[in-house]
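For reference, the structure is listed below as structure tokens.
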């Protein structure tokens, strides 16, 4: 009976929270890119909100990994763990770029705008390379064990 209740709770968590987090994460990436586009087109800074999205998504995926009943989602759907980690890494990379761009566009100066754009291009490439190196050294493999707590 306890296993049935935990499975029902895991299904509710997946459909109620994880899928919503994935959808909000994907739209959040588009929102961050939209904010950056607005800054580039208008020349004025907007308030960066990428860190908040990264924080909230990270908390949801961390709770899923910490709670044994929710952790079943990662074993039933093996693509979910790498997808969540890579989604959060990409959100964090874009949040850094968004804050650098907002800081660079906080003053109306063409040279400062160009420097900020150059910095985010270098930052984006460097962070993606670091992410690739990290994932190459530490692949995201879940070792399935017999008894889930």
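The values are calculated or read from the model by the stated rules, or taken from the named source; none is laboratory data. Bear in mind the structure is a predicted one, so any value in this text is a computation, not a measurement. Virtual Cβ from ideal backbone geometry, glycine too; neighbours counted across all protein chains shown.
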- Quick one: what pairs do we get from region 109-121, first residue touching a residue at least 60 places away in the same chain (Cβ under 8 Å), second surrounded by 13 or more Cβ atoms within 10 Å (Cβ to Cβ) and not in a helix (DSSP H, G or I), C-beta under 8 Å, 6+ apart or different chains? 113/105
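Let's see how each residue does on (1) modelled with pLDDT under 95; (2) crowded, with 16+ Cβ neighbours inside 10 Å; (3) under 30 Å from residue 38 (Cα atoms):
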{"site": "83", "(1), (2), (3)": "yes, no, yes"}
{"site": "88", "(1), (2), (3)": "yes, yes, yes"}
{"site": "109", "(1), (2), (3)": "yes, no, yes"}
{"site": "113", "(1), (2), (3)": "yes, yes, yes"}
{"site": "142", "(1), (2), (3)": "yes, no, no"}
{"site": "147", "(1), (2), (3)": "yes, no, no"}
- Residues of region 43-58 being out of contact with any helix residue (DSSP H, G or I) (no Cβ under 6 Å at 6 or more places or on another chain) and at pLDDT below 90, in sequence order, are 43, 44, 47, 49
- Of the conditions (1) closer than 29 Å to residue 16 by Cβ; (2) not in a helix (DSSP H, G or I), residue 87 clears all except one; give me its number. (2)
- Note on the structure: Here the residues within region 64-81 that are exposed (fewer than 14 other Cβ atoms within 10 Å of the Cβ) and assigned to a helix (DSSP H, G or I) are 66, 68, 76
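What tally of residues in region 1-26 results from selecting those that are touching a residue at least 40 places away in the same chain (Cβ under 8 Å) and either surrounded by fewer than 11 Cβ atoms within 10 Å (Cβ to Cβ) or farther than 20 Å from residue 95 by Cβ (or both)? Outline the logic, then answer.
Taking region 1-26 as the starting set, the residues that turn out to be touching a residue at least 40 places away in the same chain (Cβ under 8 Å) are 6-7, 9-10, 13-14, 17-18, 21-22, 25-26.
Checking which are either surrounded by fewer than 11 Cβ atoms within 10 Å (Cβ to Cβ) or farther than 20 Å from residue 95 by Cβ (or both) leaves us with 6-7, 9-10, 13-14, 17-18.
Matching residues across region 1-26 total 8.
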- In region 27-48, which residues are surrounded by 13 or more Cβ atoms within 10 Å (Cβ to Cβ), within 17 Å of the chain's Cα centre (by Cα) and assigned to a helix (DSSP H, G or I)? 28, 29, 31, 32, 33, 35, 36
